[in-house]
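Heads up: the structure comes next, in C-alpha cells.
The values are calculated or read from the model by the stated rules, or taken from the named source; none is laboratory data. Everything quoted here is computed from the prediction, not taken from an experiment. Positions of Cβ are backbone-derived with ideal geometry, glycine not excepted, and every protein chain shown enters the neighbour counts. Ligands, DNA and RNA are excluded from the accessible area calculation, which covers all protein heavy atoms including side chains. Shrake-Rupley method; radii C 1.70, N 1.55, O 1.52, S 1.80 Å.
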Amino acid sequence: MATKPPTPAVSETAAEESPDQTGAFESRIADGQTIEPKDWMPERYRRQLIRMMSQHAHSEVVGMLPEGNWITRAPTLRRKMGLLAKVQDEAGHGLYIYCGTETLGIDRAELIDQLLAGRAKYSSIFNYPTLSWADIGTIGWLVDGAAIVNQTILAKTSYGPYARAMVRICKEENFHKRQGYEMVATLAQGTPAQRTMVQDAINRWWWPSLMMFGPSDKDSPNSAELLKWGVKRKGNDELRQRFVNLTIPQAQAIGLTLPDPDLHYDEATNNWTFGPIDWDEFYRVIGGHGPCNHERLQARRHAHEAGRWVREAAEAYAAKQAARVHPEAA
Ligand code: FAQ
C-alpha cells in the first residue's frame, strides 16, 4: 500500500548547493511563485518543511484525542453529530498534511514512527485535559480560532502542496470555530452552573491557546529562516496579537471574561495588550511534561497497534492487485 513518494530535486548535502541555485530559488520566492515538489530546493528548506508540516500533521491527529473523549457524552444528538464530524475532519487534515509531507521525499510511516517514539513534536495545546463538556465548545472557539489565524497565513506559504492543503483545511476550521463559539454562547446564556462551567473552561484554555503560536519572535530559532523563504509570512508574535484582538470582542459579546488582569486596549497601537505568558510552562509541555503528554502518546501507540491488521490486509490486497496487473513482476 505504501507508495514511494516522488523524489524532489534537492542536493544531497548543503555543500553541493551552488549560490546560483540558491539565488534562483530565492528569486522565485521573492517573485511570489510557489515551489513545487519536483522543483529544486535547498536541502535546508526541505528539512524545515518536513519538520513543520509533520508536526502540524501529528497535531491534527493527536488533536482528535481530547475531543474524541467526549463523543459518547455529548448532551444532544445535534451536538454529537457536530463533534463526530469535527473529529473526522481533523483526521482528514492530518491525512492531507501527511500526503503533502510525502512530496518532500519522506514516507508517512517514518513520520509516524518518529511520533510514536517520542522524537517528533505536536502542538502543546493537545497536552491539556478536557474536563467538562464546556471544554469542547472552548476548544472549537479558542483552539480552532487560533489555528485559523495561523493557517490562513499558511495558505500563502511558499511550498505549493502545503499552501493548497491549507485552503481546504481553513474552510473546515471555520466551521469548527463557529460551532464552538455557538456552544460557548449557548452555555453562557444558560443556568448559573452552565455559565460557571464555561467560564472555568475558558480560564483553563486561554493561556495555552496563546502558546500555540510558539515562542516570542526573539526566542524563535526557526522564524528568521522560515520568513526569509516565505514558509512563514508573519512572525509568531504578530499572529498571536491578531488572535487576541479578534477574540476579546467575541468574549465581550457573550459576557464572558478572559483570565488576564493586564488586558487593556491600547489606543496608540489599536491592539489589546496582554500580560506575560508563562514560557516555563510552554517549554515543560513541549519537553514532554505537560498534564497529558504520556496519555496522548500511549493512546496513539495503542491505536497504531490496534490498526496493524488493517494496514497488513490493505498491503496484501494491493500486492494481489498489482500481481494481477503485472503478473511478470510477481
Ligand atoms: N507546540 O522556532 P519556533 C490545530 C516548537 S493544528 C509544540 O517558533 P516554528 C487544529 C517548535 O516546533 C495546531 N511545539 O518554531 C486542530 C520548535 O521546536 P523544533 C498545529 C512548538 O516552527 C484544532 C521550537 O518550539 N498547528 O490546532 C509550539 O518556527 C482542534 C521553537 O519554535 C501547526 O502546526 C507549540 N505550540 O513556529 C486540531 C501550524 N510552538 O521543531 C484538532 C504549523 C513552537 O525546532 C483539534 N506550524 N514549538 O524542535 C507553525 O505555524 C509553526 O511550526 C509554529 C512554530 C508557529 C507552531
Exclusive hit being open to solvent by 50 Å² or more (accessible area, probe 1.4 Å) and either under 25 Å from Glu281 (Cα atoms) or at pLDDT 95 or above (or both), set Pro192, Pro208: Pro192
Matching helices (runs of 4 or more DSSP H) fully within the range 19-100 where at least 1 residues are surrounded by fewer than 17 Cβ atoms within 10 Å (Cβ to Cβ) and at pLDDT 95 or above: 19-30, 43-62
Is it the case, given these coordinates, that Pro208 is in contact with a helix residue (DSSP H, G or I) (Cβ under 6 Å, 6 or more places away or on another chain) and either within 20 Å of Arg46 (Cβ to Cβ) or not charged (D, E, K, R) (or both)? yes
Given (1) touching a residue at least 12 places away in the same chain (Cβ under 8 Å); (2) away from the ligand (no atom under 11 Å from the Cβ); (3) polar (S, T, N, Q), identify the lone condition not met by Gln55. (2)
With the first residue restricted to the range 278-290 and required to be in contact (Cβ under 8 Å) with a residue 12 or more places away in the chain, and the second required to be open to solvent by 100 Å² or more (accessible area, probe 1.4 Å) and more than 11 Å from the ligand (Cβ to nearest atom), Cβ contacts under 7 Å at 6 or more apart or on different chains are Gly290/Arg284
Where a residue in the range 62-80 is of a type in the set (Val, Ile, Thr) and its partner, wherever it lies, is open to solvent by 50 Å² or more (accessible area, probe 1.4 Å), with Cβ under 8 Å and at least six apart: Val62/Arg300; Ile71/Lys80; Ile71/Leu84
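One line per residue, one yes/no per condition, for (1) open to solvent by 70 Å² or more (accessible area, probe 1.4 Å); (2) in a helix (DSSP H, G or I); (3) aliphatic (A, V, I, L, M); (4) within 21 Å of His58 (Cβ to Cβ):
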position: Leu226; (1), (2), (3), (4): no, yes, yes, yes
position: Gly230; (1), (2), (3), (4): no, no, no, no
position: Gln250; (1), (2), (3), (4): no, yes, no, no
position: Ala268; (1), (2), (3), (4): yes, no, yes, no
position: His294; (1), (2), (3), (4): yes, yes, no, yes
position: Arg301; (1), (2), (3), (4): yes, yes, no, yes
position: Val310; (1), (2), (3), (4): yes, yes, yes, yes
When the range 137-162 is examined, which residues are found to be more than 11 Å from the ligand (Cβ to nearest atom), in a helix (DSSP H, G or I), small (Gly, Ala, Ser) and touching a helix residue (DSSP H, G or I) at 6+ places or on another chain (Cβ under 7 Å)? Gly137
Please specify each residue of the range 113-135 satisfying the condition of being under 17 Å from the mean Cα position of the chain (by Cα) and surrounded by 19 or more Cβ atoms within 10 Å (Cβ to Cβ). Leu115, Tyr122, Ser123, Ser124, Ile125, Phe126, Asn127, Tyr128
For Tyr122: the one exception among (1) within 11 Å of the ligand (Cβ to nearest atom); (2) not in a loop (DSSP other than H, G, I, E, B): (2)
Take Lys177 and decide whether it is modelled with pLDDT under 95, of a type outside the set (Ser, Thr, Tyr) and under 15 Å from the mean Cα position of the chain (by Cα). no
Over the range 275-292, the set of residues surrounded by fewer than 12 Cβ atoms within 10 Å (Cβ to Cβ) and assigned to a helix (DSSP H, G or I) is Asp280, Gly287
If Trp272 satisfies every condition in (1) free of Cβ contacts under 8 Å to residues at least 40 places away in the same chain; (2) crowded, with 16+ Cβ neighbours inside 10 Å; (3) in a loop (DSSP other than H, G, I, E, B) but one, which is the exception? (3)
Would you tally the residues in the range 162-181 being open to solvent by 70 Å² or more (accessible area, probe 1.4 Å) and closer than 18 Å to Lys80 by Cβ? 2
Residues of the range 200-220 being over 14 Å from the mean Cα position of the chain (by Cα) and among the aromatic types (Phe, Trp, Tyr), which ones? Trp205, Trp206, Trp207
